[in-house]
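**Student:** This is the structure I want to talk about, given as structure tokens.
Computed from the coordinates by the stated procedures, all read-outs in this text should not be read as laboratory data. Just so you know, these numbers come straight off a predicted model, no measurement behind them. Reconstructed Cβ throughout: ideal geometry from the backbone, glycine too, with neighbour counts over all protein chains shown.
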Amino acid sequence: MYAIVLDCATVLTEQDICLYQLNDDRAQPANLPLELEDQPSLPAVTPPTYADGIPTLSTVTQSAIRHLGYANDSNGTMGIICCIAGPPSLQSDPGLRHSPSADQYRRIVRELPSWRHIELLVHAFFTNVSWHYDIVDEAIFLNQLFQWKSLSYNQLKEIPNGLTADLWSFPALLFQVLAQSLLFQPLDHDDSLNDLKYAPDMKLSDRAAEFSDAGLRLASLVEKSKLTLTTIQAGLLRASFEKNTGKVVEAWHSIGTAIRNGQELGLHLETSAHTLNPGHQNLPDHSLGCRVWLMLHLWDAHMAVVLGRPMVTNLNPSHIPLPGSWNDSPIEQELPRPRDVILCGFHTAYKYLQDIHGLEKKANGFLLVEQLHESILANIANLPAWATPQGSRSNESAWLSTALEIMFTNVHFVLFALHRPFVSLSSSSRSKAYYFATQILESQARLFDRTEPLQHKSFELVFATFDATILIAAMHIRFPDEFADQYPAAKRNLEWALDRLKLLEPTNDLASSAFNVIQQLYQNMLAGVYPSQSLPSAGQGAKAGISVGSESEMFPSSWDAILQPFDNTISGHAFNEAICDGIFGFSSGDQAQSPGERDHPPLGSLNYQI
């Protein structure tokens with residue numbers, strides 16, 4: 001990173017933008033001891049000094065400027081102040097004293113379990129959960145945990161007085177880590193975790209919810225002027241917990257809060273590197289902040305495209321580096337890390353989600369569809385060899401095959417979402433959306449096979465299946481002749497999807513709602529082809545001996561099929577209300593009706609919110 005001269009003529013180049021330090025932690029051990037005390041942290045900017053000893057504006061006015069509501073941006077009044085006094089630090093003020101909520105803070109902190117349980121659950125989190133998002137750095141977290149554990153009894157009686165802002169926020173993150181860990185415990189979990197239950201009919205997931213709620217209450221005590229990266233990490237994990245426990249609307253609001261907090265901290269600034277000490281070469285906190293912001297953006301984009309929610313972030317893909325092993329040969333490459341898989345998916349397809357959102361409302365939307373389609377296919381063709389999901393490979397981390405299958409699902413989902421808004425107008429988009437929906441279901445079948453029961457609470461096993469089955473059923477209801485040849489395979493895929501969701505119902509809070517909607521559409525689809533045929537009772541397929549998930553053996557995982565040429569003819573019509581003139585919905589009757597007799601919500605008008 002170039003050295004940065006802090007004066008009014010500073011021009012920041014692309015090298016100054018927020019980048020991951022992808023290789024900084026390659027050599028770090030996977031599990032550092034709690035005694036680790038010398039973790040590098042984000043350095044404070046040394047303010048300019050004056051010969052007469054007068055304090056600089058950086059030290060005198062920073063808190064006042066925050067109180068006035070100015071952001072850590074380089075434009076306007078804040079930019080002038082930075083030119084005179086140097087930039088503000090990303091770190092918040094170093095202490096929170098005489099807080100009126102101190103008693104409430106102490107009461108919440110006392111809800112933490114014993115250190116024996118904390119250490120057990122923290123280890124399980126970094127083994128079973130953290131790879132999903134890679135927003136909690138294990139070494140940094142363990143160092144924070146060590147600092148918290150080192151507080152004396154007298155210090156604990158006085159908290160939050162005397163704590164740095166970062167350590168003040170740490171218990172909020174710790175509660176969320178404990179909650180995530182408890183939520184994804186295996187069936188044969190450590191018996192000592194049962195000591196956390198205080199009622200005979202209590203489940204570990206109930207205790208997890210209490211921990212997550214405690215973390216939320218604690219985070220709510222943090223003043224907006226005292227935010228730290230730890231606070232935002234806790235907010236993102238809270239959103240994940242809510243989504244995995246069926247509180248999808250609440251998760252969207254939590255992500256919105258975390259995004260606003262991230263913006264308050266300056267994570268969104270493309271040139272946020274200018275707030276760092278230019279002589280500092282090892283910036284793990286800065287790298288972590290960039291990773292957190294990328295994940296907030298991906299959550300924002302995914303929930304916008306899936307749930308039809310407004311999108312509030314925008315990210316320049318050129319500011320995000322390639323994964324460290326993108327161009328390595330199979331012999332030279334190091335084993336991929338979770339962030340490599342995330343970055344691989346981002347540069348292949350996820351970066352286009354912000355372009356896809358609202359694409360149907362753009363005047364040139366149709367023209368952009370094929371352009372984006374071809375760009376994604378070109379990226380797929382250039383994927384590194386390790387990025388193909390398959391069975392476990394030698395020396396491979398246990399999480400990798402599952403993470404790659406999730407990436408496979410999500411890449412197909414981006415292509416599916418690209419064409420979905422245009423299915424009423426273009427036969428080309430219909431066929432492509434239908435094909436990608438089929439690929440999603442096949443990938444979800446493989447994912448179910450590879451997923452341990454402890455991961456069955458994950459929303460990853462529900463939303464993609466739900467969206468794909470909805471579209472397939474809708475195409476057979478609205479365009480039965482066009483997809484007649486695909487009907488047997490579609491019927492089988494929907495039945496297997498229903499069987500998977502039925503088996504997930506006891507542990508997954510989203511599966512039941514998804515099952516009920518798909519079951520009704522499946523009945524409508526059957527009624528359109530065989531008016532006298534109805535859906536078997538729920539779960540009958542599994543009870544009859546169908547091995548749910550074994551269908552994945554019929555679907556070999558490969559990127560090759562997606563690269564085969566399609567019919568690239570696409571209608572030149574501008575997007576209009578024709579997409580709302582569909583004729584599928586949730587009829588309570590089993591008999592097929594003519595289009596004129598049906599009274600269903602129009603295609604495209606249903607929000608797939610559970």
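**Student:** Distance in nm between label sites at Asp206 and Arg107, each 7 Å beyond Cα in the beta-carbon direction?
**Tutor:** Spacing of the two 7 Å Cα→Cβ label points: 2.3 nm.
**Student:** Also, quick follow-up: Pairs of Cα atoms under 8 Å, at least six residues apart: use those to get the relative contact order of the range 221-263, whole percent.
**Tutor:** After rounding, I find 43 percent.
**Student:** Something else now. List residues of the range 110-136, by number, whose backbone nitrogen lies under 12 Å from a label position 7 Å along Cα→C-beta of Arg217.
**Tutor:** Output list for this probe position: 110-112.
**Student:** Also, quick follow-up: When Lys and Arg each count +1 and Asp and Glu each count -1, what net charge do the other residues less than 12 Å away from His123, Cβ to Cβ, add up to?
**Tutor:** After counting each charged neighbour, the total is -2.
**Student:** Arrange the peptides 185-195, 231-241 so that the one whose residues have, on average, the most other Cβ atoms within 10 Å appears first.
**Tutor:** 231-241, 185-195
**Student:** Also: Taking +1 at the Cβ of each Lys and Arg and -1 at the Cβ of each Asp and Glu, which of Trp386, Thr402, His419 sits farthest along the dipole of the range 371-458 towards its positive end, judged by Cα position relative to the Cα centre?
**Tutor:** Toward the positive end, the furthest listed residue is His419.
**Student:** Same structure, new question: Go through the range 183-195 residue by residue and turn each phi into a ³J(HN,Hα) via Karplus (6.51, -1.76, 1.60, θ = phi - 60°); whole Hz please, and just put x for glycine and proline.
**Tutor:** Here the 3J(HN,Hα) series is 5, 10, 6, x, 4, 9, 5, 4, 4, 5, 5, 5, 5 Hz.
**Student:** Using the Kirkwood radius built from alpha carbon pairs, what does the Stokes-Einstein equation give as D for the range 115-217 at 10 °C and 1.306 mPa s, in µm² per second?
**Tutor:** Reported coefficient: 109 µm²/s.
**Student:** By the gyration tensor of its Cα atoms, with a ≥ b ≥ c the square roots of the eigenvalues, what is the shape of the range 186-262: rounded for a/c under 1.5, prolate for a/b over b/c, or oblate?
**Tutor:** Cα axes put the range 186-262 in the prolate bin.
**Student:** Any chance you could run the full-extension gain for Leu367 through Glu452? It's 0.36 nm times the residue separation minus the Cα-Cα distance, nm to one decimal.
**Tutor:** Length gained, Leu367 through Glu452: 26.3 nm.
**Student:** So which of Lys157/Lys197; Lys197/Lys247; Lys432/Lys491; Lys243/Lys502; Lys157/Lys226; Lys226/Lys361 end up more than 29 Å apart by C-alpha?
**Tutor:** Lys226/Lys361
**Student:** Now, a different point. Where the centroid of each part is defined by its Cα atoms, how far is the range 236-255 from the range 446-467 in Å?
**Tutor:** The range 236-255 and the range 446-467 have Cα centres separated by 17 Å.
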